Amino acid sequence: MTIKIVTDSGADLPAILAEELGITVVPIYLRFGEEVYRDRIDISADEFYQRLLHDPIHPNTTQPSPQDFASVYDRLSREADGIISIHISGKLSGTYNSALQGKKMVDNKCPIEVVDSQTLSIAVGLTVIQASKMVGSGMSLRQIMGELNSIIPNVHLLVLFDTLKYLVKGGRIGKAKALMGSVLNVKPLLTMMDGEFVPSGQVRTRSKGIDRLVDFVKNTKDIQDLAILHSTTPDEAQTLVERTSSAFPKEQTISARLGPGLGVHGGPGVLAVAIRGNNSRRV
């Protein structure tokens, strides 16, 4: 049986890894006024962050259209016995619902399962990567879907923000509004719970925030997968890889970048860790 894996660019999967694993990535749209770009296709991360900092127009994002997903599903169904489409949290983006609508538009040439990952960015990526590995191991569509039900609750994300102003501008702050009264001189840490951002504390300095990320990794038992993500600070991300190597082998750690699709809401200076924990099946 041939099963194809689909995700959106909000999963922040490194392009080379997506290509190696045969994962199809549907891009989010980015808008600067009247200009529209496809995430990481028409605009690179470097170009985007330069514009985010210096362009007088603040960008916004639009989820892929149902037709975008329908076109991908139709193409893949010609060579697949099943499709699993895994997306960023439906509570923070319309991408999941757009994928569901796209599924309805396709003549059911093969079964299509659309999955809400309940999380964002490279945390979604870890779930997508694991799904691809399960495909490679010969598991059936039903078996993979059963495993995903146990994997998703055991993928955890902790994000250090330099500022929350971009989340506020984008209207994606969710339950983290509780931090808004005290963000002037602190570095907020957020995590995901039930598909939404929730506060996970705050620190006075960036270095202490990075310490919290390191502790988060070192205090997690039996890590199956680890990813380190940054938006504009690759040196800090590499240092984080080194500092967490006693808890998880650095040669197996995934290094990723917050792309334009989510960078609109995260802004510069984002640093994060994503962990797939110990209740997930080994492949």
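Cβ-Cβ contacts under 6 Å between residues 6 or more apart (or on different chains), taken from a first residue in segment 157-177 that is closer than 21 Å to R204 by Cα to a second residue that is at pLDDT below 75 and not in a helix (DSSP H, G or I), are listed as L164/V183; L167/I173.
The set of residues from segment 46-65 being in contact with a helix residue (DSSP H, G or I) (Cβ under 6 Å, 6 or more places away or on another chain) and outside any loop (DSSP other than H, G, I, E, B) comprises F48, T61. Per the listing V72, V128, V114, the residue uniquely crowded, with 24+ Cβ neighbours inside 10 Å and either closer than 18 Å to L148 by Cβ or at pLDDT 95 or above (or both) is V128.
Pairing each residue of segment 28-57 that is not assigned by TED's automatic domain parsing to the domain that holds V264 and among the basic types (K, R) with any residue that is crowded, with 18+ Cβ neighbours inside 10 Å and in a helix (DSSP H, G or I), provided the two are 6+ apart or on different chains, yields C-beta distances under 7 Å for R40/S9; R40/P260. Filtering G82, G102, G94 for residues that are more than 13 Å from I5 (Cβ to Cβ) and crowded, with 19+ Cβ neighbours inside 10 Å leaves a single hit, G102. Pairing each residue of segment 247-266 that is over 30 Å from L30 (Cα atoms) with any residue that is basic (K, R), provided the two are 6+ apart or on different chains, yields C-beta distances under 6 Å for A247/K218.
Evaluate the following for D222: is it among the acidic types (D, E), surrounded by fewer than 22 Cβ atoms within 10 Å (Cβ to Cβ), at positive phi and not in a strand (DSSP E or B)? Give the derivation first.
Values: among the acidic types (D, E): yes; surrounded by fewer than 22 Cβ atoms within 10 Å (Cβ to Cβ): yes; at positive phi: yes; not in a strand (DSSP E or B): yes.
Yes.
If only residues of segment 30-69 that are out of contact with any Asp or Glu (no Cβ under 7 Å at 6 or more places or on another chain) and aromatic (F, W, Y) are counted, the one that is farthest from D12 (Cα to Cα) is F69.
Filter segment 66-90 for residues that are in contact with a helix residue (DSSP H, G or I) (Cβ under 7 Å, 6 or more places away or on another chain), farther than 21 Å from Q143 by Cβ and not in a helix (DSSP H, G or I) and give the result. I88, G90, listed by residue number.
The values are calculated or read from the model by the stated rules, or taken from the named source; none is laboratory data. Small disclaimer: the values here were computed from a predicted structure and weren't measured. In this analysis, Cβ positions are derived from the backbone assuming ideal geometry, glycine residues included, and neighbour counts consider all displayed protein chains.
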